[in-house]
1. Report whether or not Leu438 is open to solvent by less than 40 Å² (accessible area, probe 1.4 Å), assigned to a loop (DSSP other than H, G, I, E, B) and not β-branched (Val, Ile, Thr).
2. Would you confirm, using the coordinates I've provided, whether Glu141 is among the acidic types (Asp, Glu), open to solvent by less than 30 Å² (accessible area, probe 1.4 Å) and either assigned to a helix (DSSP H, G or I) or touching a residue at least 60 places away in the same chain (Cβ under 8 Å) (or both)?
3. Residues of region 494-524 being of a type in the set (D, E, K, R) and surrounded by 13 or more Cβ atoms within 10 Å (Cβ to Cβ), which ones?
4. Take the residues in region 78-87 that are within 33 Å of the chain's Cα centre (by Cα) and open to solvent by less than 50 Å² (accessible area, probe 1.4 Å); name whichever of them is nearest to Gly47 (Cα to Cα).
5. List, please: which pairs have Cβ atoms under 7 Å, are six or more places apart or on different chains, and start with a residue in region 92-120 that is open to solvent by 10 Å² or more (accessible area, probe 1.4 Å) and end with one that is of a type in the set (Phe, Trp, Tyr)?
6. Report, by residue number, each residue of region 49-69 that is hydrophobic (A, V, I, L, M, F, W, C), part of a helix (DSSP H, G or I) and open to solvent by less than 20 Å² (accessible area, probe 1.4 Å).
7. Among the residues of region 457-469, count how many are at pLDDT 70 or above and either over 27 Å from Asp500 (Cβ atoms) or touching a Ser or Thr at 6+ places or on another chain (Cβ under 8 Å) (or both).
8. Which is over 30 Å from Asp74 (Cα atoms), within 19 Å of the chain's Cα centre (by Cα) and open to solvent by less than 10 Å² (accessible area, probe 1.4 Å), of Leu279, Leu248?
Amino acid sequence: MNEANQRALLEARLANRPHANGFTQVNGINGSGALNGEKDSQSFLVGILGDLHIDPRKMEDYSIGRQHWINIFDEAKSTLGEDKVGLVSLGDLGESKNCDHNPDNPFELFAGTTQCHAMAADYLNSFGVPYEVIGGNHDLEGIDEFDTDAKNLRRFLKLHNKPTPQFCREIAEKTLLVGLCSTIFREAKYTSHEVIIDDEQIKWFEELLKSKPADDGWRIFVFSHAPPNGSGIRIIQENHVVNGCCWLNHSDEKNCRKFIELVREHRCVKGWFSGHFHLGQDYQDSITFPTIDPSEGPYPNRGSCVFAQTSVMRAGTSRDGRQQSRLLRGNKDGFEVCTVDHQNGGKVRVDATITYRDKTHEVGVYAHEDEAYDHDNYFKVYQPQVNDHGYICADDEEECLLTPEPITKETVAWWRLACGRVLGVVNGMMLEFDKSTLAPLGLVVSADELAGKQVAIMDSGLEECMINFEEDEEEGMEGADCADTSKEDYREQAVLVFNDEGVTIIQPNEDGSYWRKIVRNKIARMKEKRREKAAIEFAKSYLPVRSEDEAKEKIVSTWGPYTTTSGVAKTTNPAGVVVYKN
């Protein structure tokens, strides 16, 4: 379909006129939408619910939202048939706080408990259509009831009648709905709120894609709680980026990039829906297309996949005041991504129309302008683009001053190191970005440490062999002075943050990355809190303090493992060790 025809399609939709491909924008009874026109074997409709975070004390919004969907589903079932209509929940089913739900434990979180999943299952079963559900980062949070992730997961699966964490449903001819489920909470290496798809599911997903090629006519729509790295949708720097829980398998570099690599390879993946951020659907970048206008930037390389962010239903869970769900409807010619507005009587708004050109190519058109207020900045994270205004070339210079002026909140600069890693300064922070997708990965230096300073890059490996470790009275390092320098492409660099007071070296992590995995999982942090509480009680008994607040002032914690470049363990408190007070 050429651009003129595509524009005509859009104009027809905005004028509420039916079009030959069977799509039309219709606002029926109570604002419900329907797929009109002549149906075919690939016609279908799916309701998509974002993070529910059910609070049993606050059910009004859920009742209203359900009625909006029942109106839509009833109309769709009469038009398409009951087997062509479905519901998908993107997880995070319960509120992550005590909801007065357990008199025996006034501190228990509701999320992840048996009571939570039983209530969520009853709710999802009440829409009048079959439902599928995947787990989010809060769905295994029943930490007082279950002592392992495996036990919590089994209860989740049993109550939702799921044979496996993942799901696959053929909702129309050669049209699959596929869900991937987070299965780790207590055992997370870093933050428990990272959405982790286990290796078994990843293997299953890859084999599924291989078995359903686009050339054979297959179309697959994927659902996960968090989006994959490379999706390009709007995210939150102050929360999900800095805490390392933005993308699927965020802290695992290989698996974090795995999903977009599969999308690029398998053009049967036509759509990917996610929640997690509690952001509305009025931002145009809540939906991203496989290709973009060349004037807007370089080719994003997203295969044939449209990525879509899904909002929330209950007012108290929204970060930007929106209360919305997603509606996906399609047929042999393409599909529409729509918004169901729960603040406007369940009115259906078409957000984007995707038309298939052939089995491996499609054309996407936004159906309206960005409707969000202050949309250029609101909850938006700067993402580098090749040769944009912030790019500073540093990979071929022995010494490069990356920020000629002291850093402020307005400073924007990014650079690619010789090793391929990408670092940047935005909103006063130094972040690391994925070297392939340029998506933000995490915090390297916080704004309070970086403000008023500058950044420089220097080659550090050229004279590495001249370092004399014997000056530090170190044994066992003989012959290691030139380790790794045999590689032809080896080039070592030092990232330096400096001002007139001194220079700070930003050392990479052991895996070569720079972003700091600061937040540990919730179980580890709970244990640390208990140790701190024990230390406070000790201080009240043995130190000259008069109150608990005064005792807290006397308590500090230290963390390892590395605090020096020395190869000899001489002290656990060298100069410069980071010490945190409560």
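1. Values: open to solvent by less than 40 Å² (accessible area, probe 1.4 Å): yes; assigned to a loop (DSSP other than H, G, I, E, B): yes; not β-branched (Val, Ile, Thr): yes.
Answer is yes for this residue.
2. For Glu141, the condition - among the acidic types (Asp, Glu), open to solvent by less than 30 Å² (accessible area, probe 1.4 Å) and either assigned to a helix (DSSP H, G or I) or touching a residue at least 60 places away in the same chain (Cβ under 8 Å) (or both) - is met.
3. Step one: filter region 494-524 for residues of a type in the set (D, E, K, R), giving 500-501, 510-511, 516-517, 520, 522.
The answer is Arg516, Lys517, Arg520, Lys522.
4. Among those that are within 33 Å of the chain's Cα centre (by Cα) and open to solvent by less than 50 Å² (accessible area, probe 1.4 Å), it is Leu87.
5. What qualifies is Glu95/Phe110; Lys97/Phe110; Asn98/Phe107; Asn98/Phe110; His101/Phe110.
6. Of everything in region 49-69, just one residue is hydrophobic (A, V, I, L, M, F, W, C), part of a helix (DSSP H, G or I) and open to solvent by less than 20 Å² (accessible area, probe 1.4 Å), namely Trp69.
7. 1
8. Details: Leu279 fails: over 30 Å from Asp74 (Cα atoms).
When all the criteria are applied, what remains is Leu248.
The values are calculated or read from the model by the stated rules, or taken from the named source; none is laboratory data. Small disclaimer: the values here were computed from a predicted structure and weren't measured. FYI the Cβ positions are ideal-geometry reconstructions off the backbone, even for glycines, and counts take in every protein chain you see. Just so you know, the surface numbers come from the protein's heavy atoms only, side chains and all, with ligands and any DNA or RNA stripped out. Shrake-Rupley method; radii C 1.70, N 1.55, O 1.52, S 1.80 Å.
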